[in-house]
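The values are calculated or read from the model by the stated rules, or taken from the named source; none is laboratory data. Nothing here was measured: the structure is a model prediction, and the numbers come from that model. Counting neighbours? That spans all protein chains shown, and the Cβs are built from the backbone with ideal geometry, glycine included. For accessibility, only protein heavy atoms count, side chains too; no ligands or nucleic acids. Shrake-Rupley method; radii C 1.70, N 1.55, O 1.52, S 1.80 Å.
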Amino acid sequence: MNNTAQSKLWPFITEYKRVTGNDLSYLHLIQSEMKLQEYIDDSFNYQDRKLRVIASELKNAIGHQGLAVAKVGKRVSPKITVDRSSNADRKIPILSAKLSSNHIAINQYRNFFKKVLLESDITILQREELDNFCRRRSLTMEEVMEVEKDVRVSFNKPKIDWEDEVRRSILRFISLHGKLTETDKLMLLNAYVQKERLSLLLLENMIEEELSHINISDSDNSISFIKKIVWSMAGIAAVLAIAVIGLYVRTMSPDNNLIASEIVAPKQLRISGSIAQDTIWKAATTYILSGPVFVEGQARLMIEPGTRIVGEFGSALIVTKDAELHARGQYNAPVVFTSSKPEGERQRGDWGGVVLLGNATINQPAGHIEGIDKEDIRGQFGGNDDADSCGVLEYVRIEFAGFEVFADNELNGLTMGGCGNTTIVRHVQVHQAADDGIEMFGGTADLKNIVITGAKDDSLDWDMGWRGRVQFMVVQQYDDAGDNGFEADNWGKNHEAEPRSNPTMYNVTMIGSSNPDSAQRAINLRRGTAGEFHNFIVVGHSKEFLDIRDDITVDLAHADQIQFSNSIVFDIGKNGESWFTIEKGKGDDDSGFSEKSFIASQERIELGLDPLLPSAQNQSSPNFAPGINSPASIIFSSIPQEEFWSEGALYAGAIRPGTQASSWLGGWTDYPQN
């Protein structure tokens, strides 16, 4: 760990102990940052406001330094010691002792394994969690297998997962011999491949993966060795087929859909059809989407940091109800979804984008996502579980996506239908989408640290009763395209439908192009949506700042169910000072409602005040941080005291003034023009 990281983290660790009276019970630096955010999220769940602020700052400090931290809480599992020597290179606490009683660890594992087994049989991803649990508590392979055997017998669930079994066998051999011997490899081949419990290719991949996880170099080259043995055994033809480029590996899913993957070149894999079982996409491979790819059933698709997924024309990644996508990038290794075309030839609409569907409430009797055939039940979404999860998108870029299937039926860069509030979407950029950047169809999913750049239509669109929260969002419209920054509806057929669209937003920066030939509007509220909008910076929209349409929406504004506060609006309209469009005759869509009078009644909306954003309209290298002397530093509403919100964001706009070089945008965003 570098000295900067140490000095940044140490004050918060010390303050945590002072406020709670407890040492950090478990602070363990780990190599894999994929677990970083889920560990931190589980750990910081305190009611004390001061402690939440400390926790929030600690999260930010860890995230910006690229560190990984396991549980930080009040439990009494492994004790730690702190080196408080005068050495300038002060140490962060490290794990220094094992559990005092192995019996306690075994019982903890027994309870953990029972909980997992109650839900379903063991998946690969659950096995990874169980193995991590064992490693942290120093349980031996023999102890673990004895516990699992007893639990399975008591549950009458003797089902064997052969992929799980082979991974455990590999680890068992390594623990006994310190490596995989030739005899070990021969036993694996005989037990699993020859008895047709799994394929040779899968065995090779699993051995290579397990060896890499524990940093053991295989001087015997396990893959080459296995191939040599197979040459002398029955089934030589099958092995030769695996070596041929263009091999198709097909697995039948429970509903008889085919999952097809085609090895098209070294480290490239073409994906088509359906994914119906837990699957991991690795950073070492580029995945090519061919046609619509559905993640179905209760499958989870996990994508490693740094993985690149490219979409061919007509392709999309669609995660159906009950399935989940876990794309956890890092600030220096984002997961990137982009066009399959070479750089310089990419453009909006090269592929379809990412679709997440869930079981949260919507305000229509039956939800079916745009862009998917109405007869295909995989396009359905919505239910009665507002705590549903569609998965995790973190440090993710989605580029050159979205296309119109037919009139008023499009796929966007990111489409979310009926996703619940346990869905995590943060540090996500949608760049140059052919339709909307992000569209929210109902549900309660929150958005945090979001960037939407160069969308052809609306940057953020919502309807069907979306009630999520938003903090830290940047919207930039290009000079060649872009309609509304926000286009907001409840439901076109019934403006009073419940649940009503009603998002709450803080710290948003909206940048138009100032192009007089483009009719760009910042915010369009219509068809019965409500909402709260605080700490905004709005600059450069050539048509108007705000339009509130339809009688029901107007009624909501009069009833304080639409609120604005502490925001800066600058350079709007063709002359830079036309904040609102005067509506007359057939153009009057709100029965004479005056947006000007409405905004004047709100708390401190500064029209015409320069927020000092001279480079925010730059399309290839924008700077969205206001200058250090920006009035954004003193115009703000207090942030709600809830777990989701970063309460220290006491400024207008998405970026703290004067902090572009160190802001949350650093490292993972990009602005390619083609």
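Relative contact order for the stretch 370-448: what is it in percent, counting Cα pairs under 8 Å that are at least 6 residues apart? This gives 35 percent for the stretch 370-448. The loop-placed trypsin sites (Lys or Arg not before Pro) in the stretch 513-606, going by DSSP, that have at most 13 neighbouring Cβ atoms within 10 Å of their Cβ come out as Lys574, Lys584. In this structure, the amide hydrogen of Phe564, modeled 1.01 Å from its nitrogen in the peptide plane, lies closer than 5 angstrom to those of Phe533, Glu603, counting only residues at least 5 positions away or on a different chain.
Taking only the alpha carbons of the stretch 446-588, we obtain Rg and Dmax values of 14.3, 41 Å in that order. Taking amide H as placed 1.01 Å from N in the peptide plane, the amide H of Ile303 sits under 5 Å from that of Trp281, His326, Ala327, Arg328, each at least 5 places away or on another chain.
3J(HN,Hα) along the stretch 649-660, derived from phi through the Karplus expression 6.51 cos²θ - 1.76 cosθ + 1.60 where θ = phi - 60°, amounts to 7, 8, 6, 8, x, 7, 10, 4, x, x, 10, 4 Hz, with x in place of Gly and Pro.
In this rough spin-label picture, where each label sits 7 Å from Cα along the Cβ direction, the Asp610-Ala559 distance is 4.3 nm. Shape of the stretch 592-656 from the C-alpha gyration tensor: oblate (a/c of 1.5 or more and a/b not above b/c, with a ≥ b ≥ c the square roots of its eigenvalues).
For the stretch 634-648, putting each phi into the Karplus relation 6.51 cos²θ - 1.76 cosθ + 1.60 with θ = phi - 60° gives couplings of 10, 10, 6, 9, 5, 8, x, 8, 10, 4, 5, 7, 8, 6, x Hz, in residue order, rounded to whole numbers and with x for Gly and Pro. Taking amide H as placed 1.01 Å from N in the peptide plane, Asp458 has its amide H under 5 Å from the amide H of Asp436, Gly437, Asp483, Asn484, each at least 5 places away in sequence or on another chain.
Note on Tyr287: accessible area approximately 10 square angstrom, rounded to 10, probe 1.4 Å, nucleic acids and ligands left out. Spin-label model, Ile628/Ser662: points 7 Å from Cα along the beta carbon direction are separated by 1.2 nm.
If one puts a single equal scatterer on every Cα of the stretch 434-513 and applies the Debye formula without solvent, what log₁₀ I(q)/I(0) results at q = 0.25 Å⁻¹? Here the Debye-derived log intensity ratios amount to -1.15.
What share of the DSSP beta bridges in the stretch 381-502 is antiparallel, in percent to the nearest 5?
10
For Asp386, the accessible area of its heavy atoms, probed at 1.4 Å with every protein chain present, is near 50 square angstrom.
By the Kirkwood approach, averaging reciprocal distances over each pair of separate Cα atoms, the stretch 350-470 gets a hydrodynamic radius of 13.9 Å.
Which shape class, rounded, prolate or oblate, goes with the stretch 302-358 when its Cα gyration tensor gives a ≥ b ≥ c as root eigenvalues, a/c under 1.5 marks rounded, and past that a/b bigger than b/c marks prolate? The shape class here is oblate. In the stretch 537-674, Cα pairs under 8 Å separated by at least six residues give a relative contact order of 22 percent.
Relative to its residue count, the stretch 512-655 spans a Cα convex hull of 128 Å³ per residue.
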